[in-house]
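For reference, the structure is listed below as C-alpha cells.
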Amino acid sequence: MSAPHADRYAVAGNPVEHSQSPFIHAAFARQTDQAIDYGRLLCPLDGFADALRRFAADDSAGPVRGCNVTVPFKFEAFELATRHTPRATLARAANTLRFDAEGWLADNTDGIGLVRDIERNAGVRLAGRRVLLMGAGGAAAGAIGPLLTSAPAALVVANRTVAKAQALVERHRAVAGQTELVARAPADCGSGFEVVVNATASSLQGADIPVGAGVLAPGALALDMMYGPAARGFIDWAQAHGARGRDGLGMLVEQAAEAFALWRGVMPDTAPVLDALRERLAASR
Ligand code: ATR
C-alpha cells in the first residue's frame, strides 16, 4: 500500500518566487512531526480567484487544506472566503485561508505576528507605549487590531493619503479601548514614539523616509515590515538617529507560526526557525 499523500498548502501571490514561506513551514512541519507539503502558487494579477479555486480543487497530489496569501491579493482573498475570523474582518484583508468542510475560512495573522515579534523577540512590551504606524495599505490594516489589543497609550497611524489612515482609524475605533487612536499626515504625526513601525512601500521604492527623525524617542524600536535590501534604508536611518532598527523577518516567522497553528492545531517554536532563516539569507547574500 502506498503512503497516503500529505496535506497540501502553498503561498499564493505575485511574485512568489522569493517567498521564504515554504522554508519556514517545512521547518515547522519537521519540528512538530506534521506531514505537510507546502509550495508556491504564482497567480496571474487578473486571475487570482480562478488560480486559487483550481489549486483548492486539485487533490491529485494530496488534499489541499489551505494557503497563505501575499501581495497583492490579501483583500481579494478576504472577499473570496465564506467565513472570517474577527481579526480578518477588522483588517478586511486575509493572509491565511483554511479550506475545510464548511468552506473557506479567512484569517489575518500579520498583526499578531508583528506584536509577537515586538514583544517576545525584540523584548518591548507595547502596553502604555506611544506607537507610530506608518502606512495605511494592506500591511498596516492587518496590524492595527492586534496592536490595539496590546494596549499602547497611543497609536498614531500616519499616511501620505491621510483619508486612508482616517478610514482605518474609524473602523478600529470600537476596539481602541483606552488607547488614544488618531490618523495623521506623516509631516504632522508628533514626536517621541517608543515604537515606530514602517508598513509603507516607501523603502521598496527607494523613496525618502516619509517622517522626520523626531518621531524616534531615544532608544526607540524602529521596525520595517520588509526584510533584506528593502528594509535597509529604514533601518540605517533609524540607527543613525539612536533607535534600534529591526527588519520584518521575525514578523514573517511569527505570522507563519500562527497560520500553521490554525491549520494543524499545534504551535511551533519560532526561535530556531528565525535563527535558521537569518543564516540562510546571510549565506545567500
Ligand atoms: P501593502 O499591502 O504592502 O500595504 P499597499 O496597500 O499598496 O501595499 O500600501 C502601500 C502603503 O505605502 C500605503 O500606505 C502608501 O501610501 P498611500 O496610501 O498614500 O498611497 C505607502 N507608500 C507607498 N509609497 C510611498 C512613498 N513613496 N512615500 C510614503 N508612503 C508611501
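Throughout, read-outs are computed from the coordinates displayed, never taken from laboratory work. Since the model is a prediction, treat every value here as computed from it, not as a measurement. In this analysis, Cβ positions are derived from the backbone assuming ideal geometry, glycine residues included, and neighbour counts consider all displayed protein chains.
Secondary structure note: in the chain, about 20% of the DSSP beta bridges are antiparallel. Computed from Cα atoms alone, the Kirkwood hydrodynamic radius reported for the chain is 19.3 Å. Working from label points 7 Å from Cα in the Cα-to-Cβ sense, the D269 to H18 distance is 3.1 nm.
Report the percentage of all Cα-Cα pairs in the range 7-108 whose separation exceeds 18 Å, rounded to a whole percent. When all Cα pairs of the range 7-108 are counted, 45 percent exceed 18 Å.
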